[in-house]
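Below is one structure; the comments refer to it alone.
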Amino acid sequence: MIRGIATVARLTLHEAARRRILLATFLCGMAFLTLYAIGLHFIVKNANAQGGSFVQRGLFTAFITLAGLYAVNFLTVMTAVLLPVDTISGEIASGVMQTLAAKPIRRSEIVLGKWIAHVLLVAAYLVLMAGGVLAIARAIGGVLPPRIHLGLPLMLLEGVVLVSLSIAGGTRFSTVTNGVMAFGLYGLAFIGSWVEQIGTYAGNSTARYIGTIASLIMPTESMWQLAAHHMQPALMRDVGASPFSPVSVPSTPMVVYAGLYALLVLASGVRAFSKRGL
Amino acid sequence: MTAALETRGLRKEFGAKVAVADLSLSVGRGEVFGFLGPNGAGKTTSLKMLLGLIERTAGEGTLLGRPLGDRAARARVGFLPEHFRFHDWLTGRELLRFHGQLYGMRAAHIAPRAETLLARVDLLEAADRALREYSKGMLQRIGLAQALMNEPEVVFLDEPTSGLDPIGRLLVRDIIHELRDHGTSVFLNSHLLGEVEATCDRVVFVKQGRAIHELRLTDAGRSLAVELEVAADAEILAGLERLGRDVAAENGVVRLRVENEEALPEIARFVVERGGRLYRMSARRKSLEEWFLEVMGDDQRPG
């Protein structure tokens, strides 16, 4: 079992390297980080020139850092959906999968091998990008957001949910259908989350309820909300005035739910692929 | 020893469409078996059922003594799909090594086996080029090598010579002969009848997902069509009825069928002894193409 998974995972990583997917991702990431560093540099310089209290400037830098992490979150979402979107449906369509599946290897090993490889790729991407934003914030702004050790794993969990969805979708649907569905669900969770925040703020329980349902259908945005909640200074959280300060904070059971959600989606993908005619 | 492959009543439906109706086959060890039929007869679907790539709707079967789709049996099987394609960023050598790993071969065996096969399919010089630079024929040859990495006991080849030039076809033909000499069973899916005739021991004709006729190409069971250009009287013609069947005379040409070559000198002697003047005599086996058209019937349209 392990050998088969490892063989498929190695091939998938090899493919990412050989097809210059990693290079393209890395270069785009570097461009983003460079732009971010330049922007932050001028913002901090400007803020210092205008004066303001130490606390004000600290909050301002924390806000910009969270904005950077929010952009990283969005890029990670894109990467987590797009990187594996074609890996199974594309190989079925091209006939590559027939040769693969005729080998003495379980169908589940093919799915799990591809899943592990893509989780590793998304994790590496997140570490590089979020690490870059944090290092820049520390170097230029002089601050680090609190509780990174809680925030980053939540962002990774969000990516894992999307990788699982994208892989599992590929066992049933064509590449385009799969991509449209994964982003559609992500959009649903995104809007649902905003409806929930506004509903909570305005005391509208129906809106809150809709938001909760949306997070159960797709728990990705909740993971970002919780990560953002953890990674902002206590003062900013208490004021609650920034878009990164959720009024309605997702609970710990939601994290467990997201983890189970990813596993269940993956299991359903393994099951569908095992029964599928190639 | 058990048969390499045995099936009883295999059936596959896709919704309301019946792709394979009722397929019962048996392929012996070391036999080169041809699976013939027009496009859409269910050849590829049958092959996929045998390999466990698609689930069967009904029927039973064993491959190397194990139930169809069994993973352990697949370790002893090779498969070249129709229009072989694989990740085009791999080089030929990498492809073979990767498939060696998928077969679960020991690392020490993979590299030498890959080199042997690269040489055998004449791709040593192209071994370090990416598959995207390969021609159709080269892809088909590396695909064949891939199917042989594990020194399989049964090899399934789905249209192995499609896209190959005459030299490539000869190469595949030679490899199939070598496989048979090693006792490997070969299951050949093809509609290139010339190839089949040159390589197969036995063929089965499939029509609408049913095996409708079986033909052994190695033995003399296939009758000969004899043609005599002769000036002969009715007595001689009557005598020929005893030596062959389906005797017909027209414009000085007599046609008849005999079971084997041994009948030919008898016919010549008989005609000459009875005073017939024999100008020409020829005998030939019915070609596989003639069999194919006859077995498939008149209702066939190009598929």
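The values are calculated or read from the model by the stated rules, or taken from the named source; none is laboratory data. Here the structure is a predicted model, which is why all the values come from computation and not from measurement. Using ideal geometry, Cβ is built from the backbone for each residue, glycine included, and neighbour counts are taken over all protein chains shown.
In segment B:149-169, which residue that is part of a helix (DSSP H, G or I) and not β-branched (Val, Ile, Thr) is surrounded by the most Cβ atoms within 10 Å (Cβ to Cβ)?
B:168
The rows are residues; the columns are (1) surrounded by fewer than 18 Cβ atoms within 10 Å (Cβ to Cβ); (2) closer than 28 Å to residue B:34 by Cα; (3) in contact (Cβ under 8 Å) with a residue 24 or more places away in the chain.
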site: B:176; (1), (2), (3): no, yes, yes
site: B:180; (1), (2), (3): yes, yes, yes
site: B:204; (1), (2), (3): no, yes, yes
site: B:226; (1), (2), (3): no, yes, yes
site: B:230; (1), (2), (3): no, no, yes
site: B:233; (1), (2), (3): yes, no, yes
site: B:245; (1), (2), (3): yes, no, no
site: B:254; (1), (2), (3): no, no, yes
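Considering segment A:78-113 alone, what residues qualify as being within 13 Å of another protein chain (Cβ to nearest Cβ) and closer than 13 Å to residue A:166 by Cα?
Scanning segment A:78-113 gives A:86, A:87, A:90.
Would it be correct to say that residue B:172 is away from every other protein chain (no Cβ under 14 Å), farther than 13 Å from residue B:92 by Cα and part of a helix (DSSP H, G or I)?
In short, yes.
Restricting segment A:195-211 to residues that are without any contact (Cβ under 8 Å) to a residue 40 or more places away in the chain and closer than 27 Å to residue A:146 by Cβ, which is surrounded by the most Cβ atoms within 10 Å (Cβ to Cβ)?
Here the answer is A:211.
Which of the following residues is crowded, with 20+ Cβ neighbours inside 10 Å, of a type in the set (A, V, I, L, M, F, W, C) and in the same structural domain as residue B:46 (by TED's automatic domain parsing): B:124, B:102?
B:102
All but one of (1) within 12 Å of chain A (Cβ to nearest Cβ); (2) out of contact with any strand residue (DSSP E or B) (no Cβ under 6 Å at 6 or more places or on another chain) hold for residue B:114; state the number of the condition that does not hold.
The number of the failed condition is (1).
Please find, among B:36, B:63, the residue that is more than 11 Å from chain A (Cβ to nearest Cβ), aliphatic (A, V, I, L, M) and touching a Phe, Trp or Tyr at 6+ places or on another chain (Cβ under 7 Å).
None of the others qualify; the one that does is B:36.
Assess whether residue B:47 counts as being more than 9 Å from chain A (Cβ to nearest Cβ) and touching a Leu at 6+ places or on another chain (Cβ under 9 Å).
yes
Name the residues in segment A:1-54 that are away from chain B (no Cβ under 14 Å), of a type in the set (S, T, N, Q) and touching a residue at least 12 places away in the same chain (Cβ under 8 Å), would you?
Within segment A:1-54, A:25 is the sole residue that qualifies.
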